[in-house]
Amino acid sequence: MITARLILLNRRIRGFTGRLRLVAAWLHADSRGDLVAAGCGLLLVLAFAPFDCYPLAILMPACLFWLVGGVNLRRSAWRGFLFGFAEFLFGVYWIYNSIHVVADAPIWVALLMLVGLAAVMGLYLAITCALAVWLTPGSGAVRWLCAFPALWTLLEWVRSWFLSGFPWLSLGYSQIDSALRGYAPIMGVFGVTLVTVFSAGLLLCVGSRCLRITPRLVSLGVLVAIWGLGGVLATLQWTQPAGPAITVSMVQGDIPQTTKWAPETFEPTMQLYRRLTEEHWTSQLIIWPEAAVPDYYDDVKESYLDPLEQAARLHGTDMLIGVPTEDVAGGQYYNSVISLGRHDGVYNKRHLVPFGEFFPVPEWVRRWLELMDLPYSDFTPGAGDQPLLRVAGYPVGISICYEDAFSDEIMRALPQAALLVNVSNDGWFGDSIALPQHLEIARMRALEAGRYLLRDTNTGITAIIDPSGRVTSRIPMDQAGVLTDEVVPYAGSTLYARTGIWIVMSLLLLLLLCIAVPHRYIFKRK
């Protein structure tokens, strides 16, 4: 009886995969296949916020793996490049807005920056596909289950730090609402990427006519087990409350970036923040977003910040305020968060945004920028060993804007930090998909750390994220207001907070070693 059912299932799978092979043969024509590869990269953007079609993060890589099968090394690299180029061209199109609309750079500069970034990002997937084909010639299952998952994850990790790093649209972020999120407290976002790409390889194995029915059924079983285990892991609590809940208020000023630094808007901005704050002195912690004060700390200390601190102490409230600071003697400028109240302190942003907060270019390029009347500025990165700020009776881990995209930056504060705070100014990106994408990244950081993450922004999205990565409350975008809620300080560490990237690296090494094993010992082919 069991044998008969297996034979029937095998016939049905054969019929389905037979039709897929006809489609695949049509797609493998060079120009059509190239076009489909670019289209798959474009569709992959829909796996991320705000679209949240997370199954596409498995289906689209699987399509790419199929498209590079049976083509030469150069064509596989080209299709990988087209996939990555299309993904980032449409996934981070908002860079054009920040460079041209907000920074007022010429259109050609904004387009050059956007296309250049997309091209560089495409190179990572070009290298991934070329190496996978080169390491596993003519080998479907081993390529899908070993080479592609290992190389995709490895190159994505390299992308997160090479030349300052650009970890945006890492594949693992797309799974923040799927069962695979359960792997984040163990292996972090790159571990989720690895499991996601491995799932894509298993899906190809299930539908492959090159494999016998038993390996295909085994692949299906492993795929179901991976997702089932992820669902179970997602229910575990890795950290525990460290004290009673505290009341937090986060101010969203909604000051347009195009007028934020104009002299005539300074006084109205300061009055707005003071008025919104005075309505919430009963909160134990009040947070203002990145560069909420559009002037240097020393210039507003006596006239504005000192009276504000006296009021905070009178009400027993601590404050975290985004304000630029400067070292006049050393000629250094910092993007900072200061604490006011019972404990004074300052955090200087460590990981600066290339071409946004500093320009990694030689001096002759700087002179050219001045001659062309192009906007540029330089901040100084903060020290790597800054002490944690203490507010509302607890140490907190501070990050500013782009820093929360770097997991290792956030993990530095653990396990000492009881809360995580990110202040940001996504007003640079207008009303684009950058804002929900950034919130998705912050959700992954909270899940990795097992901590509440308080995210205060200038124009949106201000939100409170719990240790499981869920948004518990938020303020609508493009609206001035205050988000007040209770959060619980947490103690303890997730496995990822203790081990960092090493579990993922060990798995990548294991998969790469499997490539050297004779293929017949892994999957029997017909």
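The values are calculated or read from the model by the stated rules, or taken from the named source; none is laboratory data. Since the model is a prediction, treat every value here as computed from it, not as a measurement. Neighbour counts are summed over all protein chains in view; Cβ atoms, including those assigned to glycine, are modelled from backbone coordinates with ideal geometry. Accessible surface is based on the protein model in full, side chains and every heavy atom, while ligands, DNA and RNA are left aside. Shrake-Rupley method; radii C 1.70, N 1.55, O 1.52, S 1.80 Å.
Multiplying the residue separation of Thr499 and Val222 by 0.36 nm and subtracting their alpha-carbon distance yields 97.2 nm. Within region 417-432, which residues have the backbone N less than 20 Å from the label spot 7 Å out from Thr265 along Cα→beta-carbon, could you tell me? It comes to 423-432, nothing else.
Take the Cβ-Cβ distance between Gln240 and Phe51 as r, set R0 to 25 Å, and report the resulting FRET efficiency rounded to the nearest 0.05.
Numbers: r = 35 Å, r/R0 = 1.39.
E(calc), rounded to 0.05, equals 0.10.
For region 426-475, with all protein chains in place and a probe radius of 1.4 Å, 52% of the accessible heavy-atom surface sits on carbon or sulfur. Within the chain, all pairs of alpha-carbon atoms sorted by distance into 10 Å bins from zero give the percentages 4, 18, 27, 23, 16, 8, 4, 1, 0.
Taking θ as phi - 60° and the Karplus parameters 6.51, -1.76 and 1.60, the scalar couplings of region 150-157 work out to 5, 6, 4, 5, 4, 5, 5, 5 Hz in sequence order, x denoting glycine and proline. Considering only Cα atoms, the convex hull volume of region 233-278 works out to 149 Å³ per residue.
Extension gain for the segment Asp431 to Arg74, taken as residue separation times 0.36 nm less the Cα-Cα distance, is 124.6 nm to one decimal. Protection proxy ranking of 95-104, 266-275, by the mean of other Cβ atoms within 10 Å over each peptide's residues and highest first, is 95-104, 266-275.
Provide the percentage of antiparallel DSSP beta bridges, counting only those with both residues in the chain; round to the nearest 5.
Values: 32 of 49 bridges.
The antiparallel proportion sits near 65 percent.
Could you tell me the center-to-center distance, by alpha carbons, between region 43-60 and region 62-118 in angstrom? A separation of 17 Å, based on Cα centres. Between the amide H of Gln332 and those of Asp327, distances stay under 5 Å, these residues lying 5 or more places away or on another chain, with hydrogens modeled in the peptide plane. Region 379-445 and region 216-231 have Cα centres separated by 35 Å.
Would you compute the Debye intensity of region 412-526 from its alpha-carbon atoms alone, equal scatterers and no solvent, and pass along log10 I(q)/I(0) at q = 0.09, 0.21 Å⁻¹ to two decimals? Computed log10 I(q)/I(0) values: -0.39, -1.09.
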